[in-house]
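Everything below concerns the one structure shown next.
The values are calculated or read from the model by the stated rules, or taken from the named source; none is laboratory data. In this text, all values refer to a predicted model and were calculated from it rather than measured experimentally. As a convention, Cβ positions derive from the backbone with ideal geometry for all residues, glycine included, and neighbour counts pool all protein chains shown.
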Amino acid sequence: MAKEDVLLLDFWVSPFCSRVKIALAEKGVAYQQRGEDIFGGKSELLLKSNPIYQKVPVLLHDGKPMCESTNIVQYIDETWPSPPLLPSSAYDRARARFWADFIDKKLFDAGGNIWKTKGEDQAAAKKELIQILKYLEGGLGDKDYFGGDSFGFVDIIAIPLTNWFFAYEKFGNFKVEEECPKFAAWTKRCLGRESVAKTLPDPQQVVEFVSMMRKMHGIE
Amino acid sequence: MEEVKLFGYWVSPFCRSVEIALKIKGIQYEYIEEDLTNKSPQLLQYNPVYKKIPVLLHNGKPIAESMVILEYIDETWKNNPILPKDPFEKARARFWANFVDQKCFPALWKTIWSTSEQYEQNKAEALERLKVLENELGGKRFFGGDSIGMVDIVANFIGFSFRTIQEALKLDVFTEDNFPKLWEWAENFVNCSPVKKCLPPQDKLIANFPPAYMGKTLVSSFQSRLQLPPPGGC
């Protein structure tokens with residue numbers, strides 16, 4: 001497939017963009033990438049492709065835009081079926097979508113509440129994050145990955161968000177590994193995968209980005 | 001023999017979404033009404049994360065979250081599809097279903113609970129969302145095209161419950177004048193056979209709104225507002 005058929009509008013630190021990049025890497029799909037200046041001024045293509053939310057990621061395939069990362073990952077799985085990211089049975093696919101939806105609704109905002117707050121509010125936010133991770137540990141069970149033996153859809157939805165955990169741990173003064181060892185083990189397992197390791201930014205750079213955001217929010 | 005059970009609550013538009021999909025596909029199911037002030041052990045067992053309805057049980061296996069259930073139904077029973085086959089069109093349908101669920105529903109919900117002071121601002125936000133939705137509908141009969149699809153199903157609150165509640169409270173958010181295409185969609189939608197079978201009588205909805213589990217204060221506040229004149233400057 002020619003590179004110019006697939007274009008990703010991207011922001012380097014966005015875990016949502018990372019989801020799309022990991023999915024494309026898993027499928028071996030060649031694509032072009034264009035970094036957006038989120039704070040300076042979003043491109044005309046982005047505003048035209050995602051007029052409702054004006055956010056990244058946007059995937060353009062043959063010029064047709066798709067928005068919302070979980071949506072995009074499903075599109076990638078359906079368009080380039082091999083290797084499959086979603087399980088084959090309808091019930092297992094429903095379980096996978098349930099966990100992806102849970103992660104989307106809960107995880108990033110809970111993390112955000114940790115770095116955006118202090119004192120009692122932060123303590124409550126930490127408690128909430130740990131509870132969310134414990135639910136995810138329940139979903140993982142004794143499996144290596146959420147889908148079973150193979151890295152797949154839910155892992156792709158979740159793993160980029162863990163890239164921000166270093167920042168949450170620093171500003172929240174706690175360690176995920178101590179509270180949720182099973183989740184930490186799953187994280188390490190996924191980080192060993194080439195598509196993940198090559199995609200995710202250096203966690204230290206994420207810390208610097210979050211530190212800048214804290215200053216912008218007047219927290220530091 | 002397929003065993004299909006639905007744990008639901010008759011007022012809930014999320015539950016209604018699932019019922020409409022089951023009716024479209026002609027699936028026989030047992031409906032179990034939950035008392036949300038006293039949830040059954042089965043509900044808590046089948047949906048331990050959220051402890052909410054709807055939950056679909058298919059041959060003993062539970063599925064929670066209405067949009068996840070809709071996709072499951074569509075993948076399991078292939079007749080009368082509610083999602084397009086083409087991956088791009090499917091992605092579009094999922095996007096709009098999420099927009100209805102996460103942006104339209106909360107905005108409309110807020111207008112129902114607005115004080116006089118809040119009403120105009122909340123109404124403005126709701127109007128903005130409905131405008132986006134109407135633009136997406138364009139000249140189509142339904143969001144799904146010639147027949148109803150997932151987006152229409154998820155928007156059942158707009159088509160039925162919201163218009164009923166709005167009329168009772170004398171609100172002017174979703175009107176035929178403001179949104180002629182969306183209004184026509186709503187009329188066509190509620191008259192669709194599988195949808196009609198799932199709609200309670202309007203007076204029963206009003207008499208039992210809001211659901212008891214939302215608390216006595218909210219219930220009596222709503223019932224007393226039915227007697228008041230229209231809010232804001234309308």
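Answer yes or no as to whether B:Leu182 is at pLDDT 90 or above, under 18 Å from B:Leu108 (Cβ atoms), touching a Leu at 6+ places or on another chain (Cβ under 9 Å) and surrounded by 13 or more Cβ atoms within 10 Å (Cβ to Cβ).
On the way: at pLDDT 90 or above: yes; under 18 Å from B:Leu108 (Cβ atoms): yes; touching a Leu at 6+ places or on another chain (Cβ under 9 Å): yes; surrounded by 13 or more Cβ atoms within 10 Å (Cβ to Cβ): yes.
When the stated conditions are applied, B:Leu182 passes them.
How many residues does the stretch A:60-75 hold that are of a type in the set (A, V, I, L, M, F, W, C), within 20 Å of A:Asp155 (Cα to Cα) and within 9 Å of chain B (Cβ to nearest Cβ)? Write out each step before concluding.
Quick first cut of the stretch A:60-75, residues of a type in the set (A, V, I, L, M, F, W, C) only: A:60, A:66-67, A:72-73.
So of that shortlist, the ones also within 20 Å of A:Asp155 (Cα to Cα) come out as A:67, A:72-73.
Still in the list and also within 9 Å of chain B (Cβ to nearest Cβ): A:67, A:72.
Of the residues in that region, 2 qualify.
State whether the residues of the stretch B:101-120 include one that is within 14 Å of chain A (Cβ to nearest Cβ), among the small types (Gly, Ala, Ser), assigned to a helix (DSSP H, G or I) and buried (at least 18 other Cβ atoms within 10 Å of the Cβ).
Yes, the stretch B:101-120 contains a residue that is within 14 Å of chain A (Cβ to nearest Cβ), among the small types (Gly, Ala, Ser), assigned to a helix (DSSP H, G or I) and buried (at least 18 other Cβ atoms within 10 Å of the Cβ).
Taking the stretch A:149-208 as the search range and keeping residues that are among the small types (Gly, Ala, Ser) and in contact (Cβ under 8 Å) with a residue 12 or more places away in the chain, which one is farthest from A:Phe98 (Cα to Cα)? Please lay out each step first, then the result.
Of the residues in the stretch A:149-208, the ones among the small types (Gly, Ala, Ser) are A:150, A:152, A:158, A:167, A:172, A:184-185, A:192, A:195, A:197.
The next check asks that each one be in contact (Cβ under 8 Å) with a residue 12 or more places away in the chain; those that pass are A:150, A:152, A:158, A:167, A:172, A:195.
Working: A:Ser150: 18, A:Gly152: 14, A:Ala158: 13, A:Ala167: 27, A:Gly172: 28, A:Ser195: 24 Å.
For the stretch A:149-208, the residue satisfying everything is A:Gly172.
Across the stretch A:29-59, which residue is farthest from the other protein chains (Cβ to nearest Cβ) among those that are of a type in the set (Val, Ile, Thr) and over 27 Å from B:Lys85 (Cβ atoms)?
Of the stretch A:29-59, the ones of a type in the set (Val, Ile, Thr) are A:29, A:38, A:52, A:56, A:58.
If we keep only those that are over 27 Å from B:Lys85 (Cβ atoms) too, we end up with A:38, A:56.
Details: A:Ile38: 21, A:Val56: 15 Å.
Taking the candidates together, the pick is A:Ile38.
Looking only at the stretch B:25-48, filter to residues that are closer than 24 Å to A:Thr70 by Cβ and crowded, with 17+ Cβ neighbours inside 10 Å; which one of those is nearest to the other protein chains (Cβ to nearest Cβ)?
Our first condition is that a residue be closer than 24 Å to A:Thr70 by Cβ; within the stretch B:25-48, this holds for B:46-48.
Filter once more, keeping what is crowded, with 17+ Cβ neighbours inside 10 Å: B:46-47.
Details: B:Tyr46: 12, B:Asn47: 10 Å.
The selected residue is B:Asn47.
Yes or no: B:Thr217 over 19 Å from the mean Cα position of the chain (by Cα), assigned to a helix (DSSP H, G or I) and not aliphatic (A, V, I, L, M)? Lay out the reasoning, then the answer.
Details: over 19 Å from the mean Cα position of the chain (by Cα): yes; assigned to a helix (DSSP H, G or I): yes; not aliphatic (A, V, I, L, M): yes.
The answer is yes for B:Thr217.
Where residues in the stretch B:121-164 are of a type outside the set (D, E, K, R) and in a loop (DSSP other than H, G, I, E, B), which of them is surrounded by the fewest Cβ atoms within 10 Å (Cβ to Cβ)? Show your work before the answer.
Within the stretch B:121-164, the first condition is being of a type outside the set (D, E, K, R), and the residues that meet it are B:121-122, B:124, B:126-127, B:130, B:132-133, B:135, B:137-139, B:142-145, B:147-151, B:153-162, B:164.
With in a loop (DSSP other than H, G, I, E, B) added as a condition, the list becomes B:138-139, B:143-144, B:147-149, B:155.
Values: B:Gly138: 8, B:Gly139: 5, B:Phe143: 24, B:Gly144: 19, B:Ser147: 14, B:Ile148: 26, B:Gly149: 25, B:Ala155: 29.
Step by step, filter the stretch B:121-164, then rank; the result is B:Gly139.
Scan A:Ala185, A:Ala167 and give me the residue that is in contact with a Gly (Cβ under 9 Å, 6 or more places away or on another chain) and either over 29 Å from A:Ser88 (Cβ atoms) or surrounded by fewer than 17 Cβ atoms within 10 Å (Cβ to Cβ) (or both).
None of the other options fit; the residue is A:Ala167.
Being out of contact with any helix residue (DSSP H, G or I) (no Cβ under 9 Å at 6 or more places or on another chain) and more than 16 Å from A:Ser150 (Cβ to Cβ) is the filter here; which residues of the stretch A:189-207 pass it?
A:Asp202, A:Gln205
Across the stretch B:49-85, what is the total count of residues that are over 16 Å from the mean Cα position of the chain (by Cα), within 11 Å of chain A (Cβ to nearest Cβ), assigned to a loop (DSSP other than H, G, I, E, B) and of a type in the set (D, E, K, R)?
The total comes to 2.
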